[in-house]
Amino acid sequence: MEYNGGSVVAMVGKNCVAIASDLRLGNQALTIATNFEKIFPITDRIMLGMAGLATDVLTLRDRFRFRVNMYTIKEEREIEPETFAHLVSSTLYEKRFGPYFIEPVIAGLSKGTNKPFIASADTIGCLNFAKDFVVCGTATDKLFGVAESLWEPDLEPEDLFETISQTLMNAVDRDAFSGWGAIVHLITPEKVVTRQLRARMD
């Protein structure tokens, strides 16, 4: 995970969910780019964040896009967040003997109930469902520490945005492999709000 660096965090709020990542792409300690996005829209209500080896991030982005499109054509309905989490898990587990070096984070809202959903997985697809927040990447330890302090149940959308932003910014400041700005996606029943954050550029 340290080769290209990067961190992703997702948090649950009141009928909303947020997912955020840093924007650094590195070759270990050498920074190559400061605009490498790690979060991709799957549907209007589901986002997937991936931290780890950049080539595998891009490969899996295309593979998941293909598999979700096939699901939509076959089932004639939009995929639900929990179903997508299992699709991610099975895709990673297929390659368990030579795994993709990524850790995924899934965030979304269920279509009928607007119930927030977040999950993460390890490199071979072992799912971790949470009711508060999930993290992955090189700043995992720092993200857990800050998130434990700042997160509260039933946060309103703007409060959730502030909480996840402060969590990510403070955590990546203490990690040499993450940082150089951040991007936050806030998913509500009405819309998805995307904001880019300026951070320390060193």
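The values are calculated or read from the model by the stated rules, or taken from the named source; none is laboratory data. Only a predicted model underlies this, so the values are computations on that prediction, with no experimental measurement involved. Here the Cβ is made from the backbone with ideal geometry for all residues, glycine too, and neighbour counts use every protein chain on show. For accessibility, only protein heavy atoms count, side chains too; no ligands or nucleic acids. Shrake-Rupley method; radii C 1.70, N 1.55, O 1.52, S 1.80 Å.
So the values come out like this:
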| read-out | value |
| --- | --- |
| Apportionment of accessible area to carbon and sulfur, the chain, percent (1.4 Å) | 51 percent |
| In Hz, Karplus ³J(HN,Hα) per residue of segment 148-164 (6.51, -1.76, 1.60; θ = phi - 60°; x = Gly, Pro) | 4, 7, 9, 6, 9, x, 6, 6, 6, x, 5, 5, 5, 4, 5, 5, 5 |
| Residues in segment 37-80 reached by a label modelled at His86 [backbone nitrogen below 11 Å; 7 Å Cα→Cβ] | 80 |
| Per residue accessible area of segment 75-202, 1.4 Å probe, in Å² | 52 Å² |
| Theoretical FRET efficiency, 1/(1+(r/R0)^6), r = Cβ-Cβ of Glu75 and Lys14, R0 41 Å, to 0.05 | 0.90 |
| Chain lengthening between Met201 and Glu156 when straightened (0.36 nm per residue, less Cα-Cα) | 13.2 nm |
